[in-house]
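Input: a single structure, listed below in structure tokens.
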Amino acid sequence: MWWQRLAWLLRGRRGSTGCRWPWLPRAPGPVLAAPARWHPTAPASPHCAWQLHQDHLELSYGSTVMRLDFVWLRDHCRSASCYNAKTNQRSLDTASVDLAIRPQAVRVDETTLFLTWPDGHVTRYGLEWLARNSYEGQKQQVMHPRILWNAEIYQQAQVPSIDCRRFLETDEGLKEFLQNFLLYGIAFVENVTPTKEDTEILAERISIIRETIYGRMWYFTSDFSRGDTAYTKLALDRHTDTTYFQEPCGIQVFHCLKHEGTGGRTLLVDGFHAAEQVRRRAPEHFELLARVPLKHEYVENVGGCHNHMIGVGPVLNVYPWNNELYLIRYNNYDRAVINTVPHDVVRRWYHAHRALTAELRRPHNELWVKLKPGKALFVDNWRVLHGREAFTGYRQLCGCYLTRDDVLNTARLLGLQA
């Protein structure tokens, strides 16, 4: 998707505020003018009206004006012959639908749209369902409700940690934890036995553990056993992990098992908060960071570990229908040679990257946390950047990566929007 946006950028086209995505070609052929009058529903429901166009139905319901393509309306039919309600899967063969299909009859009452097709098949849609599931309805909604934060906002919210036993043994504790995590992108569990095995049990409560080149549960000290700065005592600037994966890991778990020394505080920065500040102050920078693809690379030849990973994607990733940010890929350590854009774009990209970096480095956006044995931290690696200050002495951490799909699945099963 990002490469389509880049092609648009390089062609010098401007964005569109209409419903058509700017990188898609316009449909061929003329479109007939709409009828002169709207067709209202029953007098008891004056907030709903409709009119037919050449290739779509225009439906006004409440404050939402929907433009529903006829093929779309036939394809999404929820009748027993078209949709299996037991498996929640489509039965209709979409490729069998005539692309020039048009309903023979349309009727709308107070709650339902009725469409009769040329073969006599009748499709029914609830108006509320259409308002939620139409493009126009989705454009007005957010996929993932969040609270954007800087250090002061997070500290004033006094987000509670969840007790380990309550987290593991009750749905209420798990739901509270996940709600905090979804809203803020970080969440803590207290009173965890400081072992790798107990941390693993904790992680498996919400997700399948994602095995990577670092193994299933990683366990490290500053022994430089891997070709990564994390395996040293040096400070680490804010970053997201595994930017060199085609799909960066979704969630990261940290648990400090032991530290006999000084320093080593963990730095957390809400990348979405910083990105939104850039969008507000310099929307052209935000737009560029969301369109230009970059390579991130991890090359390792240490001991028996030999890896060469390359991930490609823009720094900011947004849903195209509502421009909602859903992933930030920011790691200056692992960013590869920029050879994916021409010279007349790359200078503008550097200006945009500098604006985002300046926002990420503002002191008031930095939340510093001292991880101690017994306190596990879950981080949304698609949103929150982490780092650390340099440290002395022996410091031992364990953790893992979790599959994002499974964490969100657990949240939805508990009734949360995720």
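The values are calculated or read from the model by the stated rules, or taken from the named source; none is laboratory data. These numbers were taken from a predicted model, which means no experiment stands behind them. Reconstructed Cβ throughout: ideal geometry from the backbone, glycine too, with neighbour counts over all protein chains shown. These accessible areas exclude ligands, DNA and RNA; they are computed on the full protein's heavy atoms, side chains included. Shrake-Rupley method; radii C 1.70, N 1.55, O 1.52, S 1.80 Å.
Quick notes on this structure:
- Electrostatic bookkeeping for Arg146 treats Lys and Arg as +1 and Asp and Glu as -1; over the other residues with beta carbon under 12 Å from its beta carbon, the sum is -3.
- Viscosity 1.002 mPa s, temperature 20 °C, Stokes-Einstein D of segment 304-407 from Kirkwood C-alpha radius, µm²/s: 123
- Rg then Dmax, both in Å and based on the Cα atoms of the chain: 25.5, 79.
- Close amide H partners of Tyr330, meaning residues 5 or more places away or on another chain with modelled amide H under 5 Å apart, are Thr240.
- Charge context of Thr243, other residues only, Cβ under 11 angstrom, K/R +1, D/E -1: -1
- Per residue, the accessible area of the chain comes to 49 Å², computed with a 1.4 Å probe over protein heavy atoms only.
- Label-point gap, in nm, between Asn307 and Arg354 - each point 7 angstrom along Cα→Cβ: 3.3
- Cα Rg, Dmax (largest Cα-Cα span) when computed across segment 133-284, Å: 18.0, 57
- Arg124/Asp69 FRET efficiency (R0 25 Å; Cβ-Cβ; nearest 0.05): 0.90
- Rounded percent of accessible protein surface that carbon and sulfur make up, the chain, 1.4 Å probe: 52
- Each residue of segment 138-147 is assigned a 3J(HN,Hα), and the resulting list reads 5, 5, 8, 10, 9, 6, 9, x, 9, 10 Hz, derived from the Karplus form 6.51 cos²θ - 1.76 cosθ + 1.60 (θ = phi - 60°), x at Gly and Pro.
- Net length available on complete extension from Ala100 to Thr116 is 4.3 nm, with 0.36 nm assigned per residue and the Cα-Cα distance removed.
- Share of pairwise Cα separations in segment 360-418, more than 17 Å, in percent: 58
- Set of lysines with alpha-carbon distance to Lys258 below 20 Å, sequence-local pairs under 8 removed: Lys196, Lys233, Lys370, Lys372, Lys375
- Dividing the summed -39500 (n - 2.57) terms of all DSSP H runs of n ≥ 4 by the residue count of the chain sets its mean residue ellipticity at 222 nm at -7500 deg cm²/dmol.
- Percent of beta bridges antiparallel (DSSP, the chain, rounded to nearest 5): 95
- Relative to the longest principal axis of the Cα atoms of the chain, the long axis of helix 171-184 lies at roughly 90 degrees.
- With contacts taken as Cα pairs under 8 Å at a separation of at least 6 residues, segment 285-355 carries a relative contact order of 38 percent.
- Gained length - Thr262 relative to Val142, 0.36 nm times residue gap less alpha-carbon distance: 39.0 nm
- Amide hydrogen neighbours beyond the local backbone of Ala235, cut-off 5 Å, H modeled: Ala390
- Å³ per residue enclosed by the Cα convex hull of segment 48-136: 98
- Cα centroid separation - segment 155-219 against segment 340-366, whole Å: 33
- A simple rule links phi to the HN-Hα coupling: the Karplus curve 6.51 cos²θ - 1.76 cosθ + 1.60 with θ = phi - 60°, which for segment 388-404 gives 7, 8, 4, 9, 10, x, 8, 10, 10, 10, 9, x, 6, 10, 10, 6, 4 Hz, with x for Gly and Pro.
- Take the Cβ atoms of Arg107 and Tyr83, set R0 to 25 Å, and the FRET efficiency comes out at 0.75.
- Here the contact order of the chain, divided by its residue count and restricted to Cα pairs under 8 Å and six or more residues apart, works out to 21 percent.
- Full extension of the chain between Arg216 and Ala235 gives 4.3 nm of extra length, using 0.36 nm per residue less the Cα-Cα distance.
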